[in-house]
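Input: a single structure, listed below in C-alpha cells.
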Amino acid sequence: MNIIKGSLEEKDINIAIVVSRFNEIITDKLLKGAWDFLLSKEISEDKIKIYQVPGAFEIPLAAEKLASLKKYDAIIGLGAVIKGETPHFDFVSAAAANGILNTSLKYGVPVIFGVLTTNTIKQALERSGGESNKGVDCAQTALEMISLLKKID
Ligand code: INI
C-alpha cells in the first residue's frame with residue numbers, strides 16, 4: 001500500500017495570508033503563529049504577503065482576487081468569529097467557510113480555512129496560543145497541500 005503524502009519541505013513558494021482585523025487580539029496571534037511557522041520552514045519573508053481585511057466575511061473576496069492572480073501556491077485565511085447574541089455569527093462563519101472552499105475549488109489552489117468559530121473569547125484564546133494555535137496548523141496545512149497537489153497525477 002503506497003500512501004502519497006504532502007511534505008513540509010517546499011521552500012521556493014509564494015504564500016498569501018489574508019487576516020481579518022475583527023477580534024484583532026486573536027487574529028494577531030493566529031498571524032504570528034502562521035508567520036513563525038513558515039519562517040521556521042525556511043520560507044523567506046519576501047515570499048509571504050500579508051493582506052488585512054475588515055472581518056472574516058471579507059476573507060473570500062480577497063482570497064478570490066489573490067487566487068485569480070495565479071501567483072500564490074497557497075492562500076491562508078485567518079479570522080475569529082465569536083458567537084454573540086444574534087445569528088450574525090452563523091452568517092459570517094458560513095460565508096467565510098463557503099467562500100474559502102469555493103475559491104479553493106474554483107482555482108485549484110489551496111485556500112486554507114483558518115477562521116476560528118467559537119462560543120467564547122476564552123475558547124478563541126485557547127486556540128490561538130503558544131501550545132495550540134490555528135495559525136500554525138493552517139501554515140502547516142498550506143505546505144502539506146502545496147506538496148501533495150504536485151504529487152497527484
Ligand atoms: N467579523 C469577524 O471576523 N468576526 C466576528 O465575530 C464578527 N461578528 O461577530 O460580527 C465579524 N463581523 C464583521 C463581518 O465579518 C464583516 O466585516 C461585516 O459584516 C461587514 O461586511
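The values are calculated or read from the model by the stated rules, or taken from the named source; none is laboratory data. Keep in mind the model is a prediction, meaning the values are calculated, not measured. As a convention, Cβ positions derive from the backbone with ideal geometry for all residues, glycine included, and neighbour counts pool all protein chains shown.
Observations on the model:
- Residue selected from the stretch 95-133 under the condition in contact (Cβ under 8 Å) with a residue 40 or more places away in the chain and within 12 Å of the ligand (Cβ to nearest atom), by the criterion surrounded by the fewest Cβ atoms within 10 Å (Cβ to Cβ): ILE121
- When ILE3 is tested against (1) more than 16 Å from the ligand (Cβ to nearest atom); (2) among the aliphatic types (A, V, I, L, M); (3) in contact (Cβ under 8 Å) with a residue 24 or more places away in the chain; (4) surrounded by fewer than 17 Cβ atoms within 10 Å (Cβ to Cβ), only condition (3) is not met.
- Looking only at the stretch 48-72, and only at residues there that are farther than 27 Å from THR120 by Cβ and among the aromatic types (Phe, Trp, Tyr), the one that is farthest from the ligand (Cβ to nearest atom): TYR72
- Any hit, the stretch 24-36, residues being closer than 18 Å to ILE146 by Cα, out of contact with any Leu (no Cβ under 6 Å at 6 or more places or on another chain) and either without any contact (Cβ under 8 Å) to a residue 12 or more places away in the chain or crowded, with 17+ Cβ neighbours inside 10 Å (or both): yes
- Of everything in the stretch 16-37 that is within 11 Å of the ligand (Cβ to nearest atom) and of a type outside the set (A, V, I, L, M), the residue that is nearest to ALA74 (Cα to Cα) is SER20.
- Among the residues of the stretch 15-29, none qualifies, meaning not one is closer than 16 Å to PRO110 by Cα, modelled with pLDDT of 95 or more and part of a helix (DSSP H, G or I).
- Residue ranges of helices (runs of 4 or more DSSP H) in the stretch 41-153 with at least 1 members among the aliphatic types (A, V, I, L, M), within 15 Å of the chain's Cα centre (by Cα) and over 30 Å from ILE3 (Cα atoms): 59-68, 88-107
- Top-ranked residue of the stretch 73-94 - restricted to ones that are of a type in the set (A, V, I, L, M) and either near the ligand (Cβ under 8 Å from one of its atoms) or under 24 Å from ILE146 (Cα atoms) (or both), ranked as surrounded by the most Cβ atoms within 10 Å (Cβ to Cβ): LEU78
- Conditions (1) exposed (fewer than 13 other Cβ atoms within 10 Å of the Cβ); (2) out of contact with any Ser or Thr (no Cβ under 9 Å at 6 or more places or on another chain); (3) more than 19 Å from GLY130 (Cα to Cα): number failed by ILE17: (1)
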